[in-house]
Structures are given as structure tokens and as C-alpha cells.
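Data first, discussion second: the structure below is written as C-alpha cells.
Bear in mind that the values in this text are calculations on the coordinates, not laboratory data. Bear in mind the structure is a predicted one, so any value in this text is a computation, not a measurement. Cβ placement follows ideal geometry from the backbone for every residue including glycine, while neighbour counts extend to all protein chains displayed.
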């Protein structure tokens with residue numbers, strides 16, 4: 001099985017410089033995570049953006065959708081910041097016949113106690129097993145992109161009716 005992976009930045013790739021939260025978006029961490037995990041599926045990684053998700057625009061979401069719609073793979077994984085992950089999911093709903101999973105983390109992958117590795121593992125499984133559609137993999141759960149929200153107060157994703 002082949003998976004196309006797109007990176008857009010977000011907390012998962014952040015590098016912090018001081019206690020005042022000065023940061024930049026670093027190199028995509030999913031490459032190292034998959035290498036260290038010794039995965040046996042084939043994949044290709046494309047960096048579309050290196051932005052905090054709050055900086056993504058509608059034009060950026062259109063570029064993401066265009067890249068995915070034109071990708072020959074039907075299994076797509078997107079690393080993305082958590083603040084606007086749901087918005088990007090909405091922008092991808094019109095793409096038929098592809099299983100698209102967005103994943104991020106609530107703390108940078110470079111941090112010792114980050115949720116990044118676990119979330120990526122869940123997302124990799126989901127993208128291989130789910131039928132076509134757009135999904136979000138966070139907090140050990142798979143959500144349909146139209147039925148989830150980020151609960152900032154609880155720092156987690158949760159289903160909505």
C-alpha cells in the first residue's frame with residue numbers, strides 16, 4: 001500500500017526557542033517518526049506549507065485540496081495544526097474516492113511527552129483501513145471531519161452531533 005503524506009506545519013513540527021513561546025515551524029517530523037518506526041508501506045512526503053494553522057488562508061486550503069485531488073494515490077495523510085484542522089477537513093469534502101486523514105499534535109513532536117507519535121500511528125492505521133472520506137485522527141480516536149470539534153478548554157477533540 002502507498003500513502004501520500006502532505007505536511008502543512010502546525011504544532012507537530014514546532015521548534016521553541018524560549019519561555020516566551022517564540023517558535024518557528026521546523027522540518028516535518030513525520031519523516032523521522034516513520035523511519036524510526038520501521039514502517040513497511042511505501043510513502044511519499046510533500047511539504048505544502050510550514051505554517052501555524054491559524055495562519056492558513058482559504059487560498060492555502062484550496063492549494064491543499066488541489067494537490068490532493070491531483071495526487072494519484074487514494075490514501076492521503078495530512079499533518080496539520082490542530083486549531084484549524086476541522087476547517088481544512090471541510091475544504092476537502094468535495095474530493096471523491098480518496099481516504100484522507102488529517103493528524104496533528106497538541107505538543108511538538110520534539111517534546112518528550114508529545115502525543116505526536118501516537119497520533120501518527122492512529123492516523124496511519126486509519127488511512128489504510130477506512131473507506132473514502134475525510135477524517136481527523138486525534139486523542140486516540142477517528143472522527144468524521146464534519147462531526148468533530150476541538151475543545152480548547154479541555155485540550156482535546158470531541159465528537160459533535
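Relative contact order, whole percent, for region 2-147 stands at 27, derived from Cα pairs under 8 Å and 6 or more residues apart.
Using 0.36 nm per residue, how much length does the chain from residue 58 to residue 1 gain when fully extended, once their Cα-Cα distance is taken away? Before the final figure, lay out the partial values.
On the way: separation 57, 0.36 × 57 = 20.52 nm, distance 3.12 nm.
Gain on stretching residue 58 to residue 1: 17.4 nm.
Ranked by the mean number of other Cβ atoms within 10 Å of their residues, highest first, the peptides 50-60, 116-126 fall in the order 116-126, 50-60. Annotation: the chain has a Kirkwood hydrodynamic radius of 15.5 angstrom, from the mean reciprocal C-alpha pair distance. Taking a point 7 Å out from the Cα of residue 90 in the direction of its Cβ, the residues of region 127-161 whose backbone N falls within less than 17 Å of it are 134-136, 144-152, 158-161. Ellipticity at 222 nm from helices only: DSSP H runs of n ≥ 4 in the chain, each -39500 (n - 2.57), divided by the residue count, give -7500 deg cm²/dmol.
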